[in-house]
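Heads up, the thing below is written out as C-alpha cells.
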Amino acid sequence: MASKVIHALYTDDDVLMHAVKKVKEAKHHIEEVYCPFPVHGLDRAMGLAPTRIAITAFIYGCIGLAVATTMMNFIMIEDWPQDIGGKPSFSYLENMPAFVPIMFELTVFFAAHLMVITFYMRSKLWPFKEAENPDKRTTDDHFLMEIEIHNNEDELWQLLAETGAVEINISEK
Amino acid sequence: MYTISNRLKIASIVLMVLGAIGIGIGFMSSPGTVQEAKAMVASHDDGHGGGHAVAAEHHEEVNDHGAAPEAHGESHDASHDEHLLHQLQNRPWAALYVAAFFFFMISLGVLAFNAIQRAAQAGWSPLLFRVMEGITSYLVPGGIIVFVILALSVAHMNHLFVWMDAEVVANDKLLQGKSGFLNGPFFLIRAAIFLAGWIFYREYSRKLSLAQDAATDDTNFVKNFRLSAAFLVFYLVTESMMSWDWIMSVDPHWFSTLFGWYIFASMFVSGITVIALVTIYLKSKGHLQDVNNSHIHDLAKFMFGISIFWTYLWFSQFMLIWYSNIPEEVTYYITRIEDFKLPFFGMIAMNFLFPLLLLMNSDFKRVNWFVVMAGIVILAGHYLDIFNAIMPSTVGDQWYIGIPEIGAVLFFAGLFIFWVFRALSKAPLQPTRNPFIEESKHFHY
C-alpha cells in the first residue's frame, strides 16, 4: 500500500535541529532526515538508538589479532622456522616482539575494513545502488525531513511551516 | 574563589611529615663503610620481612644474592665491595630523586599541555586553564628541589651519576669522549637554562592569563598565544635534552635516540591525569560548575590516547634493541628483565593494558570514579616507569620499594598537593574574559 509522506526542506542545519526537536515534541514520528553533511547531535534529537558500530569494531579487532597470531605462528614457527638475527624461531612467545607490528596492523586493518563494510551493509549501500533521497537538492545545500501522514496532513503542514521550512511537499511513497 | 580546605591542608602536611621521616630513615640506615654494606646484604632477609606485595617476589631474589657473598666471599675483590657500598648508599638518594623528578615532571607535562591548548586556541579547554596553571605552579619548588639534588650529585654527595666520578672517567675511554658534554659545570648550566625557560614561560603566561580577565580587549590573549607557540619550540628541544641529562646519563654508556619522546609521553600522560583528578576533586567540592562530563570525557580520551602513545614509544625503543641484540645496547633491557622483572612488566600492564581496557568504552570516560581509578593506576605506573629508568644504574639489584621510596613519594605528594591547591586558591577558578570561554561552557560532545 502506498503511503503519503510530507517533505519539509530547510537550508540551515541549526533551523533543522530546532525543527526536529519541535516535531518530536509534538509527538510525530520522523521517518528520515536527508542531509548534505553529517549534522552533529541530529541522531540524538531524532531519538535514534545509539550506534553499535563500536562494539562490532572491537569484535573485528579481536578477530584481526587472532588471525595475525595464527598466521605468524604458522608461517614463522610451524611451517618454516627461520633464524633471523640470531633468534631461533621455535617459540612464538619468545619471538613475540617481532610479531607485534603485524599483530597491531592486522588488528587495525580488520577493525577498519570490516567496520566500513558493516556500515555499508547496515545502511543498505552497495555499488550501482539507486539513490534513495527524494530530492536532489539534499546532496547540495538543502536538508529534508520526511514524515509519514496519517490523516493529519493539515496539522503537519501547519507545524512544519512554523518551524521555518523553506518548502513543503506532499508525495506518494 | 576557591579556598583550600583545612582537611586537605592537614592531609598534605601529614604526608610531608611522614614522608620526611621516611626519607630520614632511608638516609640514616644507609651503610657508611664496606663492612656495614656487606653485613646489610647478608642479613637482608631479616631486615625486610614485611608483608609488602613486592616482598614476596623479591624475597627469593634476595636469597640468591644474600647467599652469594658467603659462597665465594674470599674471591670478592675490593672494587666489587666498593660498588655494593655505593649502590646501598645511592638508594635513599635515588628514591628521593625518582620521587622529586616524578612530581616535577607532572607539572612539566601540564605546562606543555597548557601551551598546546593556548597555541592551538582550543575551544573546549579554557574552563580548565586555572586548574592547569595551579598544577604548573609546582614547577618552581619542584624544579629547585631537582636542581639541588643534581647540584649535590655534582658536588659528589652521592653516586647517582657515574660519569661525575673523575676516577671512573680516567679509566673509561667512552666517558672521556663524552666529557665535553657530560661534565659537572656544563650539566648544571644546562639544567639552569632549562628550568629558567620553563619557569619564565609559566609565570609570564599566568600573568597574561590573569591580565586577560581584567582587560577590555584581547591583546593579552594574543600575546599568550604567540608566547605559547614559541615556548613549545623551546620546550621540545629542552625537554629532550633534559631527559638525556637527568635520566639517560645515569647509564652513560647506553643511549637511545627516542628517549626524549619516551619521557615526554610519560610526563604528558601523568600531567593530563592529574588535571583530570584535580578537576574531578574541585567539582566534587562544588567548584567549576560549568565543567561538564564532556570535559572529563575529553581528558579521559587524552589519558587513553597518550597511554597508547607511551606504549608505542616504549615498544619502539624495546623492539629495535631486542631485535638487533647489540651487547652495549641490549644490556639496558637485560638488567631490567633480570633484576627488575616485576616493576618492569608490571609497569606495562599498568600503563598500557589497564588504561586500554578500562578507558576504551566511550561511556566509561564520563564516569568520574572510573577516571579516578584509571588515573591512580596510570600515575603509579608512570612512577614505576621513572623508577625503572633510574634504579637499575644507580642501585642495581639492591632495589626495593620500602621506607625510603614510599617516604619520598609521600613527601613530594604532600608538597605537590599543598603547593598546587594553594596556587588554585589565589585566583578565581574560572577565567571570565577568555574569547573561547563561552564555547568551553557549551562544550558538548
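The values are calculated or read from the model by the stated rules, or taken from the named source; none is laboratory data. Please read all numbers here as calculations on a predicted model, not as lab measurements. Counting neighbours? That spans all protein chains shown, and the Cβs are built from the backbone with ideal geometry, glycine included.
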Can you name the residue in segment A:39-55 that is assigned to a helix (DSSP H, G or I) and within 14 Å of chain B (Cβ to nearest Cβ) and, of all such residues, is surrounded by the most Cβ atoms within 10 Å (Cβ to Cβ)?
A:Ala45
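Please work out if B:Met319 is surrounded by fewer than 19 Cβ atoms within 10 Å (Cβ to Cβ) and either part of a helix (DSSP H, G or I) or under 18 Å from the mean Cα position of the chain (by Cα) (or both). Walk me through how you get there before you give the answer.
On the way: surrounded by fewer than 19 Cβ atoms within 10 Å (Cβ to Cβ): yes; either part of a helix (DSSP H, G or I) or under 18 Å from the mean Cα position of the chain (by Cα) (or both): yes.
When the stated conditions are applied, B:Met319 passes them.
Out of curiosity, is B:Phe264 within 30 Å of B:Lys178 (Cα to Cα) and either out of contact with any helix residue (DSSP H, G or I) (no Cβ under 9 Å at 6 or more places or on another chain) or surrounded by fewer than 16 Cβ atoms within 10 Å (Cβ to Cβ) (or both)? Working first, answer last.
Working: within 30 Å of B:Lys178 (Cα to Cα): yes; either out of contact with any helix residue (DSSP H, G or I) (no Cβ under 9 Å at 6 or more places or on another chain) or surrounded by fewer than 16 Cβ atoms within 10 Å (Cβ to Cβ) (or both): no.
In short, no.
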Do we have any residue at all in segment B:402-422 that's surrounded by fewer than 23 Cβ atoms within 10 Å (Cβ to Cβ), within 14 Å of chain A (Cβ to nearest Cβ), under 23 Å from B:Val110 (Cα atoms) and among the basic types (Lys, Arg)?
no
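Can you find a residue in segment B:421-432 that is in a helix (DSSP H, G or I), under 27 Å from B:Asn351 (Cα atoms) and touching a residue at least 24 places away in the same chain (Cβ under 8 Å)? Can you show your working first?
First, the residues of segment B:421-432 that are in a helix (DSSP H, G or I): B:421-424.
If we keep only those that are under 27 Å from B:Asn351 (Cα atoms) as well, we get B:421.
Imposing the further condition that a residue be touching a residue at least 24 places away in the same chain (Cβ under 8 Å) reduces the set to B:421.
Yes; the residues of segment B:421-432 include at least one that is in a helix (DSSP H, G or I), under 27 Å from B:Asn351 (Cα atoms) and touching a residue at least 24 places away in the same chain (Cβ under 8 Å).
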Could you check, for segment B:245-257, whether at least one of its residues is at pLDDT below 95 and on the phi > 0 side of the Ramachandran plot?
no
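Conditions tested, residue by residue: (1) more than 10 Å from every other protein chain (Cβ to nearest Cβ); (2) within 20 Å of B:Ser266 (Cβ to Cβ); (3) in contact (Cβ under 8 Å) with a residue 40 or more places away in the chain.
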site	(1), (2), (3)
B:Met303	yes, yes, yes
B:Ile308	yes, yes, yes
B:Ser316	no, yes, yes
B:Pro327	yes, no, no
B:Val330	yes, no, no
B:Thr335	yes, yes, yes
B:Pro343	yes, yes, yes
B:Ile348	yes, yes, no
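Take segment B:1-19 and flag every residue that is among the small types (Gly, Ala, Ser) and either exposed (fewer than 14 other Cβ atoms within 10 Å of the Cβ) or over 17 Å from B:Arg91 (Cβ atoms) (or both).
Step one: filter segment B:1-19 for residues among the small types (Gly, Ala, Ser), giving B:5, B:11-12, B:19.
Once the filter is applied, which keeps residues that are among the small types (Gly, Ala, Ser) and either exposed (fewer than 14 other Cβ atoms within 10 Å of the Cβ) or over 17 Å from B:Arg91 (Cβ atoms) (or both), segment B:1-19 yields B:Ser5, B:Ala11, B:Ser12.
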Among the residues of segment A:98-106, is any crowded, with 16+ Cβ neighbours inside 10 Å, within 14 Å of chain B (Cβ to nearest Cβ) and not in a helix (DSSP H, G or I)?
no
Mind listing whichever residues of segment A:120-173 are within 20 Å of A:Ser3 (Cα to Cα), within 21 Å of the chain's Cα centre (by Cα) and surrounded by fewer than 11 Cβ atoms within 10 Å (Cβ to Cβ)?
A:Ala131, A:Glu132
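Condition check ((1) buried (at least 24 other Cβ atoms within 10 Å of the Cβ); (2) within 13 Å of the chain's Cα centre (by Cα); (3) modelled with pLDDT of 95 or more) across all residues:
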| site | (1), (2), (3) |
| --- | --- |
| B:Ile106 | yes, yes, yes |
| B:Gly109 | yes, yes, yes |
| B:Ala115 | yes, no, yes |
| B:Gln121 | no, no, no |
| B:Met132 | yes, no, yes |
| B:Gly142 | yes, yes, yes |
| B:Phe147 | no, no, yes |
Can you tell me which of (1) at pLDDT below 95; (2) in contact with a Lys or Arg (Cβ under 9 Å, 6 or more places away or on another chain); (3) not aliphatic (A, V, I, L, M) is the one B:Trp93 doesn't meet?
(2)
Which pairs do you get when a residue that is modelled with pLDDT under 90, found in segment A:73-86, comes within reach of a residue that is of a type in the set (Gly, Ala, Ser) and part of a helix (DSSP H, G or I), reach meaning Cβ atoms under 9 angstrom, with the pair 6+ apart or on two chains?
A:Met76/A:Ala98; A:Ile84/A:Ala98; A:Gly85/A:Ala98; A:Gly85/B:Ser324
Of the residues in segment A:131-173, those that are among the basic types (Lys, Arg) and either part of a helix (DSSP H, G or I) or at pLDDT 85 or above (or both) come to A:Lys136, A:Arg137
Restricting to segment A:93-134, name every residue that is touching a residue at least 12 places away in the same chain (Cβ under 8 Å) and farther than 26 Å from A:Ala57 by Cβ.
A:Asn95, A:Ala98, A:Asn133, A:Pro134
Inspect segment A:85-94 for any residue being out of contact with any Gly (no Cβ under 7 Å at 6 or more places or on another chain), in a helix (DSSP H, G or I) and surrounded by 14 or more Cβ atoms within 10 Å (Cβ to Cβ) and give the result as yes or no.
no
Identify the residue in segment A:64-97 that is farther than 20 Å from B:Ile321 by Cα and aromatic (Phe, Trp, Tyr) and, among all such residues, is nearest to the other protein chains (Cβ to nearest Cβ).
A:Phe90
Just one of (1) assigned to a helix (DSSP H, G or I); (2) of a type in the set (A, V, I, L, M, F, W, C); (3) more than 14 Å from chain B (Cβ to nearest Cβ) trips up A:Ala111, so point out which.
(3)
Residue under evaluation B:Phe264, criteria (1) in contact with an Asp or Glu (Cβ under 9 Å, 6 or more places away or on another chain); (2) over 16 Å from B:Phe101 (Cα atoms); (3) not basic (Lys, Arg), criterion not met
(2)
How many residues does segment B:361-375 hold that are within 14 Å of another protein chain (Cβ to nearest Cβ) and either under 26 Å from the mean Cα position of the chain (by Cα) or part of a loop (DSSP other than H, G, I, E, B) (or both)?
4
